[in-house]
Amino acid sequence: MGLFAYLRLVRAGYVLAREGAFSLTEGQGIKGPAATAIWFARLIERRAVRKTGRVERLSAALQKLGPTYVKLGQVLATRADVVGPLVAQDLANLQDKMPPFDAKLVPAILAEALGDKVNALTDISDPVAAASIAQVHSATLINEDGTKQKIAIKLLRPDVEMRFKKDLASLKAAAGLVELVDPRAKRLRPKDIVATLERSAILEMDLRMEAAAISELFENTKDDEGFEIPTVHWPQTARNVLTTSWMDGIPIREHDQLDAAGVDRKKVAKALMQHFLLHAIRDGYFHADMHPGNLFVDPKTGHVRAVDFGIMGRIGKQEQKFLAEILYGFIRRDYRHISQLHFDIGYVPKHQSVDDFAQSLRSIGEPLVGRPASEISMAKVLTQLLDNTALFEMETRTELVMLQKNMVLVEGVARTLDPELNIWTIAEPIVSKWVKRNVGPIGIAEEAKDTAIALYGAAKKVPLLVQRYEAMLEQAEKDRANPPFFMTSWFAVLVVALMIGVGAAAIKTLV
């Protein structure tokens, strides 16, 4: 790592200390040199930040350090196993807002990225939203038939890639130092966290990847009533430019405006939760950044409209089954079934006890029985479940943590719309339908079909394997008939004679 990486790291440490971020270590049982270092760091803590809460201190520090550190906070929000559930939940609310870059740069950026396709864009507005990586403008698109439509243009910040490279170098240096100073910190895998941030940043800084995400999610949800996302205009999309249809609507956090428009907030809350579960359980692909700033409501139809698809979540069929049957098991209070599922999928080692794990699940589910709907949280259940599995040697499943993090966001938004939201009643039809379909005859038939396809693929490889085996046998026969020079018998005799001669000379010298 270069000297400048460490200097930037020192600056980051100063800002974190100044903004009071090290207050998060209170009550964590830190001792020795680390505790002494934290004590000195807190000497420069601003008095003003002592009046604010823990969340504001960390959020303020990350915002002040810039886009890379904001993204780091968002990554850590998915790693409750590293930062703890309280800090992870706090960071889940970290929203990415930054001042826009100079609007005078926009025409040149568009012209360079789109070539002559830029001529179809007119009436480009000032920025309507700005984040750490990109900002959004509204504009008018002139179609080939002469018709016009309002569109949204997302532009990468001109200097964002260079900024990320420099900051990532500093974070890599920090991760290395942490592991060097305290080998026990390897358990938290700081280098892996930085690597996750790096992968996330690389994907987010190619807006064609976000365009592909929108396209895939649109195909999955185009027939779903009540949930809408924009469509991509590919000719006006490039690595640093994303053009989509414009999404009008009332921000989902503006309750007074929703009420004034006659929108049924309870219905919107129900739709939001059900669509999220549908995308996760049915498709295994979901919007993973559903904070209030990315959600709107169409005042005419009451449909939920989502934007900003830079962060997406994907889970495989095994995780889809896990999520559906876990929720179904809690709804039915069938804790042994949930426990057995963990073992069948391989999440919990076989040497653990199915019955003991079922008992731990019961400790989560039974306190919910008879409680008011407003006190029952599906996200909290999933969080407790992931916490409990640590006692039974279940490894952290990052894909499930991402799911849990977004469930916290979605459930939080839905609760603000309808404080009496009954999570289990809303989830039951989605979960039951999936379980009955996939465990029933249709699911069995589809599983058999997948197995048959896999076997057919393996069978197709058999002739090639046979050919390779025959070629190996043929080569072995050739080698046996014409051995290499060093394998001939007279060569071996020459080597032995040489060794005897060398040994005799050595003995003579010693005598």
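Worth a mention:
- Of the listed requirements (1) surrounded by fewer than 18 Cβ atoms within 10 Å (Cβ to Cβ); (2) modelled with pLDDT of 95 or more, Ala152 misses just one: (1).
- Residue within region 215-224 that is farther than 21 Å from Arg314 by Cβ and surrounded by 15 or more Cβ atoms within 10 Å (Cβ to Cβ) present: no
- Condition met for Ala260 (crowded, with 19+ Cβ neighbours inside 10 Å and out of contact with any Pro (no Cβ under 7 Å at 6 or more places or on another chain)): no
- Given (1) within 22 Å of the chain's Cα centre (by Cα); (2) part of a loop (DSSP other than H, G, I, E, B), index of the condition Gly302 fails: (1)
- Residue under evaluation Glu228, criteria (1) free of Cβ contacts under 8 Å to residues at least 24 places away in the same chain; (2) in the same structural domain as Val118 (by TED's automatic domain parsing); (3) acidic (Asp, Glu), criterion not met: (1)
- A Cβ distance below 9 Å, combined with a sequence gap of six or more or placement on separate chains, defines the contacts here; from region 342-354, residues that are more than 16 Å from Leu391 (Cβ to Cβ) reach residues that are among the charged types (D, E, K, R) and not in a loop (DSSP other than H, G, I, E, B) in the pairs Ile345/Glu319; Ile345/Lys321.
- Taken over region 320-362, residues that are of a type outside the set (Asp, Glu), out of contact with any helix residue (DSSP H, G or I) (no Cβ under 7 Å at 6 or more places or on another chain), at pLDDT 85 or above and not in a helix (DSSP H, G or I) amount to 2.
- The selection criterion, being assigned to a loop (DSSP other than H, G, I, E, B), at pLDDT 75 or above, touching a helix residue (DSSP H, G or I) at 6+ places or on another chain (Cβ under 7 Å) and over 25 Å from Ile133 (Cβ atoms), does not hold for Asp145.
Yes/no per residue for (1) out of contact with any strand residue (DSSP E or B) (no Cβ under 7 Å at 6 or more places or on another chain); (2) surrounded by fewer than 22 Cβ atoms within 10 Å (Cβ to Cβ):
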residue: Gln274; (1), (2): yes, yes
residue: Ala280; (1), (2): no, no
residue: Tyr285; (1), (2): no, yes
residue: His291; (1), (2): yes, yes
residue: Leu295; (1), (2): no, no
residue: Pro299; (1), (2): no, yes
residue: Gly316; (1), (2): yes, yes
residue: Lys321; (1), (2): yes, yes
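The values are calculated or read from the model by the stated rules, or taken from the named source; none is laboratory data. Predicted model only: the values in this text are computed from it and were never measured. With ideal geometry, Cβ positions are generated from the backbone for all residues, glycine too; neighbour counts draw on all protein chains shown.
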